[in-house]
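Taking it in order: structure first as structure tokens, then the write-up.
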Amino acid sequence: MAQTRCKLKLIVVGQSGVGKSSLLVRFVDDHFEEASTRPTIECDIKYKQLDVNGIRCTLRLWDTAGSERFRTFSTQHYRNAQGVIFCYDVTCKTSFDTLKSWLEEVEVNCNRPDFVRMLVANKIDRADERVISTEQGRTFARRHSMMFIEASAATAEGVMMAFQEVSQKIIETPGLWEADEELSPYGNNPTNLNQSPSQNQGGGCC
Ligand SMILES: Nc1nc2c(ncn2[C@@H]2O[C@H](COP(=O)(O)OP(=O)(O)OP(=O)(O)O)[C@@H](O)[C@H]2O)c(=O)[nH]1
Ligand SMILES: [Mg+2]
């Protein structure tokens, strides 16, 4: 029997330089190059397959520009996002202080009210330079109904878990995703009367 499959759309946001692109490169390619990344312009999309609760998910990962200069990121880009990963840098207070404005932008533009929110505290490898404590991050996350993980794109700590947990929460949220009809075990025909009800539920992803 074929494996159930789905596509999930995740968006990564946060101030320029917090390490959004580095986290994605670590997650997708398991690679990190210090000081070699350039600022993202508009946005990049990466893909990664992940098995979650026995479901094969194709993750479309939208890496956005944090810099105002390169942000022509349209509100349309948020359309149908099922998960948003908010990032800050534990060595940079302003990246933590500006999280609220990222939250506001996302809340205004995400059309799915039940999208999954994850807060990632990046660069924990730079322990000597840390200015935002674990407790500060956790408190912010709790106050805004976000999951919370501390991570380092440099060492890979926490990175896989962050993306896995977001994906798992989406899969476990009824109506936030649906199986790909053409790849489902029941074949291509959407009018297939033998199709299980669980294959039909959900709001669809773009
Ligand atoms: N030590 C350390 N450096 C990191 C880590 N993650 C990213 N960096 C460095 O931080 C700098 C910025 O990383 P980027 O991934 O380009 O940041 P960004 O958030 O994508 O920035 P924009 O594209 O401008 O929004 C680069 O020099 C990275 O090498 C980390 O976990 N630890
Ligand atoms: Mg970037």
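The table below gives the values:
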read-out	value
Which of T4, T58 has the fewest Cβ neighbours within 10 Å, and the rest in rising order	T58, T4
Radius 12 Å from Cβ of L24, net charge of other residues (Lys, Arg +1; Asp, Glu -1)	+1
For the stretch 11-24, 3J(HN,Hα) per residue [Karplus equation, 6.51 cos²θ - 1.76 cosθ + 1.60, θ = phi - 60°, Hz, x = Gly/Pro]	10, 10, 10, x, 4, 4, x, 6, x, 4, 5, 5, 5, 5
Hits among aspartates and glutamates - C-alpha to C-alpha of K20 under 12 Å, sequence gap 8 or more where chains match	D44, D63, D89
Peptide ranges 100-112, 118-130 listed from the most packed, as the mean C-beta count within 10 angstrom indicates	118-130, 100-112
Pairs from K48/K93; K93/K169; K7/K46 whose Cα-Cα separation, in the structure shown, is over 24 Å	K48/K93; K93/K169
Net charge contributed by nearby residues that have their C-beta within less than 15 Å of I149 (K/R +1, D/E -1)	+1
Surrounding net charge for C57, when Lys and Arg each add one and Asp and Glu each subtract one, Cβ distance under 11 Å	+4
Alpha-carbon centroid distance for the pair the stretch 108-141 / the stretch 25-81, whole angstrom	17
Near-label residues of the stretch 50-94 by backbone N, under 11 Å of a point 7 Å along Cα→Cβ of T37	63-66, 87-89
N111 long-range amide H proximity, modeled H, under 5 Å	N80, A81
Linear extension gain, E157 paired with D114, 0.36 nm per residue minus alpha-carbon span	12.7 nm
Stretchable slack from S133 to E172, in nm (0.36 nm times residue separation minus alpha-carbon distance)	11.0 nm
Placed amide H near N122: partners under 5 Å, 5+ positions off or other chain	Y88, D89, V90, A151
DSSP bridge orientation in the stretch 5-198 - percent antiparallel, rounded to nearest 5	30
Rounded if a/c under 1.5, otherwise prolate or oblate - the stretch 84-170, Cα gyration tensor axes	oblate
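Bear in mind these aren't lab numbers, they're just calculated from the coordinates by the rules spelled out. Keep in mind the model is a prediction, meaning the values are calculated, not measured. No Cβ is skipped: glycine too gets one built from the backbone with ideal geometry, and neighbour counts run over all protein chains shown.
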